[in-house]
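I have placed the structure first, in the form of structure tokens, so that the comments after it can refer back to it.
The values are calculated or read from the model by the stated rules, or taken from the named source; none is laboratory data. Keep in mind that what you see is a predicted model, and the values were worked out from it rather than measured. Because the Cβ atoms are built from the backbone with ideal geometry, glycine has one as well, and the counts that use them run over all protein chains shown. Side chains are part of the model used for accessible areas, which takes the heavy atoms of the whole protein and leaves out ligands, DNA and RNA. Shrake-Rupley method; radii C 1.70, N 1.55, O 1.52, S 1.80 Å.
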Amino acid sequence: MKVSTLIIVFSLFLSALFAQQTQKVKGVIIDKESKSPLTGAVIVCTDVANGTIGGEADSNGVFIIAQVPIGKRQFAVHYVGYQDQTLTNIEVSSGKEVYLTIELEERVTKLSEVKVAAYDNKKAISEMATVSTRMFDVHETERYAGSRQDPARMASNFAGVQGTDDSRNDIVVRGNSPLGVVWNLEDVAIFNPNHFAIPGTSGGPLSIINNKYLANSDFMTGAFSAEYGNAVASVFDLKMRNGNKDKFEFTGQIGILGTEASAEGPLSKKHKASFLVTYRYSNFKFLDKLHVPIGTNSIPEYQDAAFRFNYPINKRSKIAVFGVGGWSNIDLIVSKFTSKPKDAELYGESDRDQYFKSIMGVVGASYSYSINATTYTKLTVTQQVQNIAAHHVRVYRNADYAIDSMKNILGYTFKQAKTAMSWFINKKYGAATTVKAGFQIDRYDLHYLDSIREYTYDWRHRWDYDGTPVMLQPYIQLKHRINDNFFYTAGLHVQYFSLTKSKSFEPRLGARYAWGKQQSLSIGYGMHSQLQPLYAYFFHFPNQAPHNMNMDFTRSHQFVVGYDKVFSTYFRLKAEAYYQYLFNVPIEKRAGSSFSMLNEGSAFTRIFADTLVNKGTGSNVGVELTLEKFFSKHYFMLLTGSLYDSKAKGQDGVNRSTDFNGNFATNAVAGCEYPFKKSSINLSGKITWGGGKRNSPFDTLRSRLAGEGVVVDNQRNATRLPNYFRFDVKMGWKHNGTKHKVTHEIAIDLINLTNHRNMLGYTYQPDNVKNGKDPQVMQYQLGFLPLLYYKIDF
């Protein structure tokens, strides 16, 4: 009797131990254009062992599937009169419930009359996109080696995007300057969302944006639709997800880059209101104690946070309040060294102590309202701020590297605030036609102050501006579907800037035709224009008035043609060819100058240009190829390649390579995941190979007189550094606990595993001149960098 009881107890224990774990999958199914709920839509999990499980959308479009086995899952969605959709690679874990927002597109013709093309797993969220747009899957930032959980570095895996600068996460698209990139958050353009941001740039060493609170978003690389403006290169249209409205959930993570925590849950179960908050703090001290080089001998400090509160008012309307912000500072102290450091400082100058801090923040509220089953409108209002300040102390040394003297030489405070409002209305006219119209208006509040003194001069201003210019961007866009496989778009974007009275009328056109079930051809055209970095308008020489306040927009024509081949649910080929002509580009008025604004925006220095005129031109031409195998049968693969040529013409009339003309860029990413019992092992690798950075020799005499590097105009970008190569590996282990619904994850990202010495470029060190050494010193990029983290979801 005792033996039989023991056997029964042991059997029950084994059954519990090896029982298949499940998690709840829920979400909403809505019309893609009108956002109205699709009552009765059916969603089914198609890859479970015991048949299928699924759910049906209620009157609000909401569905719940109670017990979905953990792991990577596939779902099929069907609704009468709409195109079916297949969702693959949905991560289901024990620690967090899964929430899906599914948008279906209404059929124009009856199913029996047309063969519908296969569903694209990376199809853009924007209903108006035809070319050069890819859905950014937030989970890929954790899956891909080398991404560092950074959306911008993740984007470097995509075709047409360069990822050959370890010091910054600048998004360099198709040879364009990163100045041409605009970041949107919840339909509103925001200031640079990166820590340690230099005024006017769009990138930085580390992103403020955290993947913990992002929803899937759109990343666009050219000829984007009329709703997007003030960008000539790329738009990253970020969306925040809502917190879990039914259950409290928490995430904790500690790693080399930072310690972070997030919480989400219901504010009111009755009203289905929810909250989501996150916080992160830097841990770079760990790397310093481990003596891991990160490009600087100083310890960067940063912290960032975000929140979102979502409150449905009724079935038709909801209010969301959100915010994202970050603070960072670094003290680059060279006066502490008693001998010359082996490697040049990657983030600053070698002849001065530099104290730097930056703050960026945005808070906003949005109101969404479904007027009826065919009409949807949304209003978003934000208040934003960006404060950047620096103080420099010049360190003078003798031939023995001992300090002779120190002198305060520079200080600046750039404060930018912005009140931004975005509104649109989306109207469906039957199943075939959709019209979207709206505007964005930005009111800036600018305060720029910069003082400098060199040699024996007294303090002098180079910036001392206060003002409130306004930017207005109305637009209208139409999409018409001739049938389920052929549609076209047409739109107009208008742009006006009050400071310079600049205005632009920009037509946008696109079309997409699919034949058979697996192929499509797309074309797109757009005229696009963009402001210059705001502070650049107000620079002046000491004791003079600003000389660039009449700068106009940089403008461009963009042409794109694309071909897609979907071999199966999990495998696709995509090719695009493009041509971009840029004109009205600011160049120096000085005779013989090779300066062009198309070369700016990727350094840790500001722009100190002489008088600028909008007479420059440029061009970008290239082809891109993507071969992608989505996650299935335990592995995924992404191969991208680009061949391109990027040119700019300055005052000297020479059409020469831009700073970003590497000529080619390739990425190969692959990974696998093997589940066993309650756990899984993940392994991924990435190879980046691209053209080296362009090199411009310094003018010896002019550099000595200026005390800083001044390039030889007629040799700007004449040569290219050796090609860039980096091999990254990421390994991880994930365990799904049964009793308390907890998920543990440990991962290590091995950046530049081979410790390859990639060249960043030459820096000018004036102290070397008086010591009889070459002032031109090669600056190398990061070596091997291990990034370890532990995460828990519960």
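Explain nothing, just the number: dipole magnitude of the chain about its Cα centre with +1 on each Lys and Arg Cβ and -1 on each Asp and Glu Cβ, in debye rounded to the nearest 20.
Dipole of the chain, to the nearest 20 debye: 1320 debye.
Would you mind checking Lys427/Lys501; Lys245/Lys318; Lys32/Lys436 for any pair whose Cα atoms are more than 23 angstrom apart?
Lys427/Lys501
Give the average over all directions of the projected area of the C-alpha convex hull of the range 209-311, one decimal, in nm².
9.4 nm²
Considering only DSSP states other than H, G, I, E and B, which chymotrypsin sites (Phe, Trp or Tyr not before Pro) in the range 589-621 qualify as loop sites with at most 12 other Cβ atoms within 10 Å?
Taking the range 589-621 and a limit of 12 other Cβ atoms within 10 Å, the loop chymotrypsin sites (Phe, Trp or Tyr not before Pro) found are Phe608.
Using 0.36 nm times the number of residues separating Trp459 and Leu701, minus their current alpha carbon distance, what extension gain do you get?
84.6 nm
Among the lysines, which fall within straight-line cross-link reach of Lys791, defined as a Cα-Cα distance under 20 Å, with same-chain neighbours fewer than 8 residues apart omitted?
Here the lysines satisfying the reach criterion relative to Lys791 are Lys72, Lys96, Lys212, Lys247, Lys285, Lys677, Lys678, Lys730, Lys734, Lys739, Lys741.
Using a 1.4 angstrom probe, figure out how much accessible area the chain has per residue, in square angstrom, rounded to the nearest whole. Kindly include the intermediate steps, with their values, before the conclusion.
Details: 32040 Å² over 794 residues.
Here the per-residue accessible area is 40 Å².
For the range 233-286, what is the convex hull volume of the alpha-carbon atoms per residue, in Å³?
Enclosed volume per residue, from the Cα hull, is 90 Å³.
When only DSSP loop residues count, what chymotrypsin sites (Phe, Trp or Tyr not before Pro) in the range 431-472 have their Cβ near at most 15 other Cβ atoms within 10 Å?
Tyr455, Tyr457, Trp459
Enumerate the aspartates and glutamates that Lys272 could reach by cross-link, defined here as Cα to Cα under 14 Å, with residues fewer than 8 away along the same chain left out.
In chain and number order, the partners are Asp246, Glu264.
Which Rg and Dmax, in Å, describe the Cα atoms of the range 155-273?
16.7, 52
Which is farthest toward the positive dipole end of the range 549-645 among Leu612, Thr640, Ala577, measuring Cα position about the Cα centre, with Cβ charges +1 (Lys, Arg) and -1 (Asp, Glu)?
Looking along the dipole axis, the top candidate is Thr640.
Give the relative contact order (percent, whole number) for the range 641-730; include only Cα pairs under 8 Å separated by 6+ residues.
That works out to 27 percent.
Using the alpha carbon gyration tensor of the chain, what are the three equivalent-ellipsoid semi-axes (square root of 5 times each eigenvalue), largest first, in whole Å?
With the √(5λ) rule applied to the chain, the semi-axes are 45, 32, 25 Å.
Looking at the calculated P(r) for the range 569-680, what percent of the C-alpha pair distances fall above 17 Å?
Roughly 67 percent, rounded to a whole number.
Ranked highest first by the average count of other Cβ atoms within 10 Å around their residues, in what order do 677-683, 655-661 fall? Intermediate values should be presented prior to the final figure.
Details: 677-683: 15.3, 655-661: 21.0.
Packing proxy ranking, top to bottom: 655-661, 677-683.
Using the alpha-carbon atoms, what tilt in degrees (0 to 90, nearest 10) does helix 2-18 show relative to the longest principal axis of the chain?
Once rounded, one gets 50 degrees.
Per-residue HN-Hα couplings for the range 398-410, Karplus 6.51 cos²θ - 1.76 cosθ + 1.60 at θ = phi - 60°, whole Hz, x for Gly and Pro?
So the Karplus estimates, Gly and Pro as x, are 8, 5, 8, 6, 7, 7, 7, 6, 9, 8, 5, 10, 7 Hz.
Normalising by the residue count of the chain, find the relative contact order in percent from Cα pairs under 8 Å and 6+ residues apart.
Once normalised by length, the contact order is 12 percent.
When the accessible area of the chain is split by element with a 1.4 Å probe, what percent falls to carbon and sulfur?
60 percent
Which ³J(HN,Hα) values in Hz, rounded to whole numbers, follow from the phi angles of the range 149-159 under the Karplus curve 6.51 cos²θ - 1.76 cosθ + 1.60, where θ = phi - 60° and Gly and Pro get x?
Values, residue by residue: 6, 10, x, 5, 5, 4, 5, 5, 6, 7, 4 Hz.
With a Förster radius of 30 Å, plug the Cβ-Cβ distance of Phe541 and Val470 into 1/(1 + (r/R0)^6) and report the FRET value to the nearest 0.05.
Result of the calculation: an efficiency of 0.60.
Could you pull out every residue, at least 5 positions away or on a different chain, whose amide H is within less than 5 Å of the one on Ser34? Hs are placed 1.01 Å off N in the peptide plane, and Pro or chain starts have none.
Amide H to amide H, under 5 Å and 5 or more residues apart or across chains, Ser34 pairs with nothing.
May I ask for the net charge around Tyr789, where only other residues with Cβ less than 11 Å from the Cβ of Tyr789 are counted and Lys, Arg are +1 while Asp, Glu are -1?
-1
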